[in-house]
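Reviewing the structure listed below.
No lab work stands behind these numbers, since they all come straight from the coordinates. Bear in mind the structure is a predicted one, so any value in this text is a computation, not a measurement. So basically every Cβ, Gly included, is an ideal-geometry build from the backbone, and we count neighbours across all protein chains shown.
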Amino acid sequence: MASPDEFDVERDRTLRRLHGDGYEEILRQLRDEKEAFEEKHLLSPHATTSSSSVGRIIEEEHKLDNRTDYARDRDRIIYSNAFYKLAGKTQVFITPNNPLISTRMTHVIQVAQVARSLARALGLNEDLVEAMALGHDLGHSPFGHAGEEVLSRKCQEAGLPPFRHNEHSLRVVDTLEKNGKGLNLTWEVREGILCHDGESESENMAPERKREFLDLYGLDDVELKKNPSTPEACLVRLCDRIAYAGKDIEDAIEAGLVKREEIPEEYASLLGNTNKKIMDTVVKDVVLNFLVFVKDFKEKNRREPNSQEVRIRISPEIRAAVNGLIGDFNYPRIYMSKQNQTYIKQTSTMVSSLFDSFYNEARDASMISGIKRLDDFLTEDEGDGLCEGLFSIFLSMSIGKAEDIAEEMRKAMGSNQPLETYESLPEETCVELKRLFAKASEEGEEGMDAIGKALGAARLRIRKDNLLAREVHYFSTYYFIQKMSDEYLAEASSAEVARDFLASLADRTAISIFKRLNIPQSIV
């Protein structure tokens with residue numbers, strides 16, 4: 001089979017033969033015309049256009065097709081591995097056998113549908129909201145929010161930040177997809193994915209963050225609670241909440257957990273008592289409020305509002321009813337029901353056990369087969385204090401006797417992650433490592449960069465050697481990391497590998513692996 005580059009050359013030759021030498025220019029014109037028509041004639045002045053995008057992490061040449069950048073992002077998400085797995089992940093009810101009960105994929109499709117319908121009514125960019133909506137839950141762990149809570153606790157015990165599905169969704173599209181290369185989405189779609197989670201403290205959803213705020217990692221809770229920078233992302237945040245308010249009730253009715261007549265009248269009389277009626281009530285309210293806003297704005301300012309001036313408003317009475325329905329009915333009767341609590345306890349055991357197993361296995365993948373004598377390493381690169389072998393030891397060193405050095409290393413690397421555990425080092429080894437590390441520290445930023453490179457190179461070499469030496473099964477971390485890029489293998493800690501692998505699993509896969517690891521299997 002031809003390589004990708006060879007195929008591109010051959011395809012180019014075939015298209016030229018079939019359509020003439022000017023086929024590339026024809027496709028380029030088609031794309032430009034489509035972008036100009038869709039974004040300049042169909043969209044309102046307050047919509048976000050792809051031509052005004054901040055851009056991608058890695059700059060790309062315009063593809064020769066008829067899609068805008070946001071439409072291309074949508075398609076990349078739809079064809080991603082993480083999107084396919086949403087069909088097997090919990091929305092509310094774990095691994096439902098009834099096809100009428102929602103999975104995580106059902107939910108994201110419904111968010112995308114209502115968000116796109118509202119975007120069309122409000123004159124916003126439909127491709128952008130659809131991409132954000134379809135990608136917003138890609139980072140969800142198996143077993144829904146119950147699984148997320150346990151995984152978050154295990155991550156913190158291992159020295160990682162708390163696990164949040166919206167932040168992990170960003171990691172999925174930036175780092176984990178395409179075997180560690182990421183999808184390279186536009187900044188606006190990435191921001192919408194990250195900032196979809198959270199309830200606005202105001203009835204007005206309006207762009208709040210500046211689009212110049214390019215770094216989307218390491219945002220604190222205050223920053224994450226702010227509204228995102230585009231009206232499309234604000235809309236997706238709103239639609240995420242209204243899409244599950246009524247559908248979770250329909251699922252609970254289908255599961256025999258609640259009855260429709262049990263929905264409190266104070267909410268049903270205003271919103272309706274079916275998902276269709278609830279959605280229709282909220283959507284109509286948002287559309288009518290928006291029309292009033294635009295009319296008032298134009299009368300006052302003699303022009304259309306731009307994307308930063310848009311206000312997407314839900315009436316206080318409607319908003320209070322939605323929040324009340326979720327808080328007073330959905331939570332006690334569905335999410336915290338006795339039946340659901342039973343499943344939560346079971347999944348808590350599974351997630352905790354799986355993380356420990358994956359973490360230990362990932363640490364094994366980073367181990368050197370034994371610690372050589374110190375003299376063996378000193379002969380490799382004694383002069384500059386950045387001997388790769390010595391830092392290989394750092395990767396497999398327990399905190400124990402080397403705690404002081406480990407603390408210095410964590411500070412230098414800007415991380416709270418524990419070093420990989422293997423065995424305590426002899427006292428004389430610790431002293432020598434500390435001396436060499438101090439020498440590297442004196443070199444300032446260059447020394448620290450060299451340490452990072454040495455650590456990455458050592459981890460990459462050790463993991464590759466271990467992968468070659470082991471039989472790989474779908475239920476092991478080796479199955480996960482064998483397909484990842486060298487960059488991922490070099491940079492990801494064992495705790496990160498365990499987190500990334502576990503979060504990627506569908507419910508049934510997680511259950512299957514748990515059984516294999518914890519229930520004896522017959523060999524005859």
Given H placed 1.01 Å from N in the peptide plane, which residues other than close sequence neighbours of Asn204 have an amide H under 5 Å from its amide H?
-> none
For region 57-139, fraction of C-alpha pairs farther apart than 23 Å, in % = 31
Using the Cα gyration tensor of region 43-241, with a ≥ b ≥ c the square roots of its eigenvalues, what is the shape: rounded (a/c below 1.5), prolate (a/b larger than b/c) or oblate (neither)?
-> rounded
Average projected area [Cα convex hull, region 173-307], square nanometres = 11.7
Considering amide H positions built from the backbone, and no H for Pro or chain starts, which residues 5 or more places from Ser53, or on another chain, come under 5 Å of its amide H?
-> none
Can you work out the PRE-style zone for Asp21? Point 7 Å along Cα to Cβ, and I want the residues of region 48-91 with backbone N under 11 Å.
-> none
Using the Cβ atoms and a cut-off under 12 Å, what net charge is assigned to the surroundings of Ser348, where Lys and Arg are +1 and Asp and Glu are -1?
-> +1
By average Cβ neighbour count within 10 Å, what is the ranking of 487-497, 288-298 from highest down?
-> 487-497, 288-298
Considering only the other residues whose Cβ falls under 13 Å of the Cβ of Ile513, what net charge follows from Lys and Arg at +1 and Asp and Glu at -1?
-> 0
